[in-house]
Ligand SMILES: NC(=O)c1ccc[n+]([C@@H]2O[C@H](COP(=O)([O-])OP(=O)(O)OC[C@H]3O[C@@H](n4cnc5c(N)ncnc54)[C@H](O)[C@@H]3O)[C@@H](O)[C@H]2O)c1
């Protein structure tokens, strides 16, 4: 496995990446040494990888407990965390135990909080199994669960001791999840690392089938993009807020759809919304909007909000966005990350946020809810033609 050090201010941890390297992951976990390994997974991942990981760990390193939580965004809440904590303690967790978060971003967030809370903090190792987790959530110290009114509103910051990732695990990931994860890569390229746009655009596959070497390239590029904005901002409250690009509308859509629109796919829609807001406000060109549609479209995700997602729920959740409070805005605006051009973020009052008129955001959300006619051209392409 190749190791890269993730650095955020005074925090450092190794990210070991390989392909077909489950044995190396077990060996490394054994080297860390623990009284007990608490392997946390959802049922799907537990069956695919959890049982084998626990058997091999138990044979090599010591007691390993597989603890499952119900899967999906709708179960990323305090009741699930409570049940996991009780179960971990019943199974013998102590201060020398290691929580192994084996799964996607949902498992990573819940297990991350579990590690932070058990005995006021025990070691956490991430073994990410989705694209979103491998290149996004494990590169953040943010651990949170959802509240009734909005996403990720109850949580803390907690660092893993290591990340151990095997791209071979992505071979079993449903195509819908791969497409969704690729939207986060598109986000990194548009908001932070435009140097990767051409190669990414050429490599994106709507069918969601990627060779292992492409996956590794994408993960390394994402490590570099994250490092660019969080190296001096571990709490993601300054430059690191750029990572929230597409997340204002994205989170509202994801949460309102109760998981039917996966995280990355929702962020893809949120980025298109943000680009339209920026363009309609006169801050960005129509080409930027079209570039968003082109890249998000090439990931294979739908470019509209499904008809069964309530738009009034989306608007309601926009008002509870977790970026409130960084930039003073009046009730008629939302603080959003907006781009002027790829890699160039609009700034106001020393932040990477801009007050976006609420009416404009609402109307852009309405447009995203109108499914394009088959074979029809996008409004953005029409605007672009007009500008030529
Ligand atoms: N902390 C952060 O900074 C941060 C960053 C990005 C995302 N997130 C969070 O991550 C979550 C989304 O993560 P996600 O997209 O990974 O969702 P997820 O964890 O729900 O996983 C998606 C689905 O894939 C299945 N799965 C996982 N790995 C698999 C594999 N290898 N093979 C087959 N199936 C597999 C899971 O069972 C699940 O059904 C959101 O809650 C989001 O808020 C957090």
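The values are calculated or read from the model by the stated rules, or taken from the named source; none is laboratory data. In this text the structure is predicted, and so the values were computed from the model without any measurement. Reconstructed Cβ throughout: ideal geometry from the backbone, glycine too, with neighbour counts over all protein chains shown.
Number of residues in segment 251-282 that are within 17 Å of residue 133 (Cα to Cα) and crowded, with 24+ Cβ neighbours inside 10 Å: the value is 10. Just one of (1) within 16 Å of the ligand (Cβ to nearest atom); (2) touching a strand residue (DSSP E or B) at 6+ places or on another chain (Cβ under 9 Å); (3) assigned to a helix (DSSP H, G or I) fails for residue 57. It is (1).
Among the conditions (1) assigned to a helix (DSSP H, G or I); (2) under 23 Å from residue 224 (Cβ atoms); (3) more than 16 Å from the chain's Cα centre (by Cα), residue 171 misses just one, which is (2). The single condition among (1) under 30 Å from residue 313 (Cβ atoms); (2) modelled with pLDDT under 95 that residue 242 does not meet is (2). Residue pairs whose Cβ atoms lie under 8 Å apart, sitting 6 or more positions apart in sequence or on different chains, and linking a residue in segment 60-81 that is touching a residue at least 60 places away in the same chain (Cβ under 8 Å) to a partner that is more than 13 Å from the ligand (Cβ to nearest atom), are 81/114; 81/117. If you go through segment 72-93 and pick out every residue that is surrounded by fewer than 20 Cβ atoms within 10 Å (Cβ to Cβ), at pLDDT 95 or above and not in a helix (DSSP H, G or I), you end up with 3. Within segment 318-328, the residues that satisfy the criterion of being surrounded by fewer than 17 Cβ atoms within 10 Å (Cβ to Cβ) and within 17 Å of residue 254 (Cα to Cα) are 319, 320. Filter segment 329-354 down to residues that are crowded, with 18+ Cβ neighbours inside 10 Å and farther than 14 Å from residue 242 by Cβ and give me whichever is modelled with the highest pLDDT. In this case the residue turns out to be 334. Residues satisfying the criterion are absent from segment 121-139 (criterion: within 15 Å of the ligand (Cβ to nearest atom), in contact (Cβ under 8 Å) with a residue 12 or more places away in the chain, more than 30 Å from residue 7 (Cα to Cα) and not in a helix (DSSP H, G or I)).
Please determine, by comparing only the residues of segment 98-120 that are more than 7 Å from the ligand (Cβ to nearest atom) and under 17 Å from the mean Cα position of the chain (by Cα), which one is nearest to residue 43 (Cα to Cα). Looking at the filtered set, the residue picked out is 102. Among the candidates 181, 148, 77, the residue that is over 23 Å from residue 44 (Cα atoms) and either within 10 Å of the ligand (Cβ to nearest atom) or not assigned by TED's automatic domain parsing to the domain that holds residue 209 (or both) is uniquely 148.
Residues of segment 303-317 that are in contact with a helix residue (DSSP H, G or I) (Cβ under 7 Å, 6 or more places away or on another chain) and either surrounded by fewer than 23 Cβ atoms within 10 Å (Cβ to Cβ) or at positive phi (or both): 303, 304, 309, 310, 311, 313, 315, 317.
Inclusion of residue 187 among residues that are in the same structural domain as residue 248 (by TED's automatic domain parsing) and either at pLDDT 95 or above or near the ligand (Cβ under 9 Å from one of its atoms) (or both) is warranted.
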